[in-house]
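The values are calculated or read from the model by the stated rules, or taken from the named source; none is laboratory data. Everything numeric in this text was worked out from a predicted model, so none of it was measured. Cβ placement follows ideal geometry from the backbone for every residue including glycine, while neighbour counts extend to all protein chains displayed.
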Amino acid sequence: MAKKTTKPASDVTRFTAYSVREFERNGETERDWMRIGVAFPHEDGKGFNLSLHAIPVDGKVVVRLFEPKDESPQE
């Protein structure tokens, strides 16, 4: 039996799942990105675990690599 190893939380690749709604405002097409869940890749790289907190009405989910925002104070 293969021994499982776990990565530290800071090394785990994470993706954010969004529902993207397009709408018109003043003749311009705009997009509203609503975060609806997260996805984590399987260790073998052949799939993902997707955990959704909402399901988009149109059924489309956009998954993007998680990029933390820099929370340091601006001078």
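General remarks:
- Some residue of region 10-29 being touching a Phe, Trp or Tyr at 6+ places or on another chain (Cβ under 9 Å) and among the charged types (D, E, K, R): yes
- Residue match in region 10-24 (condition: at pLDDT below 90, out of contact with any strand residue (DSSP E or B) (no Cβ under 6 Å at 6 or more places or on another chain) and not in a loop (DSSP other than H, G, I, E, B)): yes
- Taking region 30-56 as the range and being in contact with a strand residue (DSSP E or B) (Cβ under 8 Å, 6 or more places away or on another chain) and assigned to a loop (DSSP other than H, G, I, E, B) as the test, the residues that pass are 42, 47, 53, 54, 55, 56.
- Qualifying positions in region 25-75 - surrounded by 10 or more Cβ atoms within 10 Å (Cβ to Cβ) and hydroxyl-bearing (Ser, Thr, Tyr): 51
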